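Peer 1: The structure that follows is given in the form of structure tokens.
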Amino acid sequence: MAIDLGKWSWLANTAIDFGLPILGTALGVPGPVSSFAVSAIKKALGLPSSATPEEVNTAVVADPDTARAALEAAQSDVQAKYAYLTRLAEVKGDVDKANISEINKTIRAETGKVPWWHWRHLLGYLVLLYGIEQVAAIAYTMFGKGVPPDQLATLFNSTAIFTAGLFALLGYVASDTTAMKQTAITGQAPEGVVASTIKAVTGRKK
């Protein structure tokens with residue numbers, strides 16, 4: 001029975017973060033290969049075949065050391081049944097390295113010559129001007145000028161959703177820019193949420 005790859009994509013990323021590229025590759029192959037990989041992982045974790053992605057995730061996060069050993073055992077099972085995946089993972093790794101190299105070149109070119117009218121900068125200017133306008137409105141009201149306090153409060157309340165959305169967008173752009181620069185510097189993309197959580201849990205256990 002084929003699995004929904006979208007629901008198990010986090011597990012493929014976790015396998016790769018654990019240094020198990022063959023298992024990660026298997027989890028991304030539609031059909032019996034990914035189904036076998038998931039079954040092998042459930043078996044290695046001591047979970048029933050009916051275990052949901054959420055239940056597997058709980059088991060992985062709860063005991064990272066056991067999870068790593070289980071995923072290593074599952075990768076061995078996958079390799080034994082689908083030997084060609086070893087070569088496929090190697091090819092995929094070569095392609096990823098080539099893609100990262102091209103991404104690095106693009107980022108270096110972009111960050112090296114970014115004009116002031118670049119959309120990332122314009123968004124920052126917009127937030128800055130918006131903040132100045134809000135501060136100015138408050139200052140005028142405090143000194144008895146501008147709009148009455150009750151009208152100013154109404155104005156702020158009516159624009160609260162816009163303000164929150166604007167700052168959320170700015171936060172996303174800042175995070176995305178940081179991730180791009182990290183990829184250019186380290187040669188690899190930032191870790192996924194699951195892998196970061198597992199590392200945090202492991203750190204607390206030590």
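The values are calculated or read from the model by the stated rules, or taken from the named source; none is laboratory data. Please read all numbers here as calculations on a predicted model, not as lab measurements. Glycine gets a Cβ as well: all are built from the backbone with ideal geometry, and neighbour counts include every protein chain shown.
Peer 1: Looking only at residues in the range 132-181 that are under 28 Å from Trp119 (Cβ atoms) and of a type in the set (Asp, Glu), which one is modelled with the highest pLDDT?
Peer 2: Filtering first and then ranking leaves Glu133.
Peer 1: List every residue pair whose Cβ atoms lie under 6 Å apart, where the two residues are 6 or more positions apart in sequence or sit on different chains, the first residue falls within the range 55-84 and is assigned to a helix (DSSP H, G or I), and the second residue, located anywhere, is of a type in the set (Val, Ile, Thr).
Peer 2: Partner pairs satisfying both residue conditions: Val61/Thr197; Pro64/Ile198; Pro64/Val201; Pro64/Thr202; Ala67/Val60; Ala74/Ile41; Gln75/Ile22; Gln79/Ile22.
Peer 1: Output the residues belonging to the range 33-54 that are under 24 Å from the mean Cα position of the chain (by Cα) and free of Cβ contacts under 8 Å to residues at least 12 places away in the same chain.
Peer 2: Thr52, Glu54, listed by residue number.
For every residue, the table says whether it meets (1) modelled with pLDDT of 90 or more; (2) in contact with a helix residue (DSSP H, G or I) (Cβ under 8 Å, 6 or more places away or on another chain).
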{"site": "Gly6", "(1), (2)": "no, no"}
{"site": "Ala26", "(1), (2)": "no, yes"}
{"site": "Ala44", "(1), (2)": "yes, yes"}
{"site": "Ser50", "(1), (2)": "yes, no"}
{"site": "Asp96", "(1), (2)": "no, no"}
{"site": "Asn99", "(1), (2)": "no, no"}
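Peer 1: Looking only at the range 11-33, count how many residues are over 16 Å from Ala70 (Cα atoms) and assigned to a helix (DSSP H, G or I).
Peer 2: Going through the range 11-33 one residue at a time, the tally reaches 3.
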